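These notes concern the structure reproduced below.
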Amino acid sequence: MPENQPDVLWGIVGCGWVARDYVAPAIAASGNGRLIALCDLSEPALAAVQPNDTTLLRTTNLEEFLQTPGLQAVYVATPNAHHAYVAQALAAAGLPVLCEKPLARTATEAAGMVAAAEAAGTPLATAFDQRFHPAHVRLRELIQNGDLGRVTCVRIHYACWTPADWAPDTDQGTYQNWRISAEQAGGGAMIDLAPHGLDLVQTLLDEPLTTVVALTQQRIHDYPVDDGAVIIGQTASGVLLSHAVAYNCPDNFPRRSLEVIGDLGRALAVNTMGQTPGGSLTLTRPDGTVEDVAFDKEASPFQRQVEAFAEAVHSGQPFPFPPARDLHTMRLLDLAATKSQELASL
Ligand SMILES: NC(=O)c1ccc[n+]([C@@H]2O[C@H](COP(=O)([O-])OP(=O)(O)OC[C@H]3O[C@@H](n4cnc5c(N)ncnc54)[C@H](O)[C@@H]3O)[C@@H](O)[C@H]2O)c1
């Protein structure tokens, strides 16, 4: 991080679980940013964000938030249904936006956000923090250096337990679980969890997925959205993807693994997908030997992400992940959902 650079001044719209527990602390710890304004419809949500600093604007009014003097970058973490409206208002106000995944409920909605940012000439990015997890950065290097040989397939299992009354540990008792509302979330386990995996594959391999198809299930929980899905896909060069996501997997089961297989090596990242630093990365050779791959186990992917976005805002250089690729990921999700319905109707 360049020294003596003034902090980029951040605001947050949507101050619930991920903003309060991960991103506000990440901005506070970042080497190039400072939080100056918060906006949420809920007063208790606003009050719960640290630091307990009286100079930090806390407002339920988006118009007031937009008037914050000096505001330079905004992280959006409302439920998915509100991403488009909020991001478009921010773009119209000339503000760079780092918006949580999925960018929107549908590709059409996301396209409106991308168009608004382009029209305003302001940066827009999806907050795929897992791009910045040090294990994934290291894995990408291994792939690019040829350590795995010619990659043939990627297998991802990313799952959790999300009952109808699910709440983050820090919100027990008061939480409204919007994730099981198609209207609020745009779907269930697939739209919530698969964006991470789809983006990671494309980031690690440095090429787009061009084909996807999905099967979804409503198997364990009694709610109107999918509680599990399997997506299979293929990249432009032919690498195969098998990606399982679930809301119906008990949290104590092994449930976060990312495996990349090539003809010279198989990399396995365990417990690196998610919100926290750490996890493990191993490399298995064709002769059966297994080696641990070192990476920084303390570094927060959220902190690295906000630092990268702030650096782009400060320098005026493009964020390394342009909105067109996030829109492509939204189109893949739409395609997966459509194909799932077609398959189910055979
Ligand atoms: N990257 C990750 O690992 C990760 C983890 C969790 C959530 N997320 C994403 O972050 C977003 C938020 O998820 P969450 O779990 O923090 O949700 P949450 O329910 O805990 O918090 C959402 C907050 O947004 C507020 N809100 C709702 N509508 C608003 C509006 N129009 N304007 C301002 N505030 C509004 C709510 O009052 C609430 O405080 C979702 O898009 C979700 O998919 C990402």
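The values are calculated or read from the model by the stated rules, or taken from the named source; none is laboratory data. This structure is a prediction, so every number in the text was calculated from the model and none was measured. We place every Cβ from the backbone using ideal geometry, glycine too, and count neighbours over all the protein chains shown.
Among the candidates ALA81, ALA89, which residue alone is without any contact (Cβ under 8 Å) to a residue 60 or more places away in the chain, in contact with an Asp or Glu (Cβ under 9 Å, 6 or more places away or on another chain) and assigned to a helix (DSSP H, G or I)?
Values: ALA81 fails: without any contact (Cβ under 8 Å) to a residue 60 or more places away in the chain.
So the residue among ALA81, ALA89 that is without any contact (Cβ under 8 Å) to a residue 60 or more places away in the chain, in contact with an Asp or Glu (Cβ under 9 Å, 6 or more places away or on another chain) and assigned to a helix (DSSP H, G or I) is ALA89.
Six or more apart or on different chains, Cβ atoms under 6 Å: show the pairs whose first residue is in segment 230-249 and closer than 28 Å to ILE220 by Cα and whose second is crowded, with 22+ Cβ neighbours inside 10 Å and polar (S, T, N, Q).
Close Cβ pairs satisfying both conditions: TYR247/THR162.
Is it the case that some residue within segment 89-108 is touching a Cys at 6+ places or on another chain (Cβ under 8 Å) and closer than 28 Å to GLY278 by Cα?
No, segment 89-108 contains no residue that is touching a Cys at 6+ places or on another chain (Cβ under 8 Å) and closer than 28 Å to GLY278 by Cα.
Has segment 261-270 got any residue that is among the β-branched types (Val, Ile, Thr) and assigned by TED's automatic domain parsing to the domain that holds ASP21?
Within segment 261-270, none of the residues are among the β-branched types (Val, Ile, Thr) and assigned by TED's automatic domain parsing to the domain that holds ASP21.
Return yes or no: is ASP192 of a type in the set (D, E, K, R), touching a residue at least 24 places away in the same chain (Cβ under 8 Å), over 22 Å from ALA244 (Cα atoms) and within 10 Å of the ligand (Cβ to nearest atom)?
no
Could you figure out which of (1) surrounded by 19 or more Cβ atoms within 10 Å (Cβ to Cβ); (2) without any contact (Cβ under 8 Å) to a residue 40 or more places away in the chain isn't true of GLN202?
Condition not satisfied by GLN202: (2).
Considering only segment 65-102, state which residues are away from the ligand (no atom under 12 Å from the Cβ) and either in contact with a strand residue (DSSP E or B) (Cβ under 8 Å, 6 or more places away or on another chain) or of a type in the set (Gly, Ala, Ser) (or both).
THR68, GLY70, LEU71, GLN72, ALA73, ALA91, ALA92, ALA93, GLY94, LEU95, PRO96, VAL97
Only one of these is in the same structural domain as LEU200 (by TED's automatic domain parsing) and out of contact with any Asp or Glu (no Cβ under 6 Å at 6 or more places or on another chain): VAL137, VAL74. Name it.
VAL137
Pick from segment 48-63 the residues that are touching a residue at least 12 places away in the same chain (Cβ under 8 Å) and surrounded by fewer than 14 Cβ atoms within 10 Å (Cβ to Cβ): which of them is farthest from GLN303 (Cα to Cα)?
ASN61
From ALA24, ALA37, ALA45, which residue is among the small types (Gly, Ala, Ser), crowded, with 20+ Cβ neighbours inside 10 Å and in contact with a helix residue (DSSP H, G or I) (Cβ under 6 Å, 6 or more places away or on another chain)?
It is ALA37.
Which members of segment 100-116 meet the condition of being closer than 15 Å to ALA89 by Cβ and either surrounded by 23 or more Cβ atoms within 10 Å (Cβ to Cβ) or outside the structural domain of GLY16 (by TED's automatic domain parsing) (or both)?
Hits for segment 100-116 are ALA104, MET113.
Which one of GLY173, GLY186, GLY146 is within 14 Å of the ligand (Cβ to nearest atom) and modelled with pLDDT of 95 or more?
The unique qualifying residue is GLY186.
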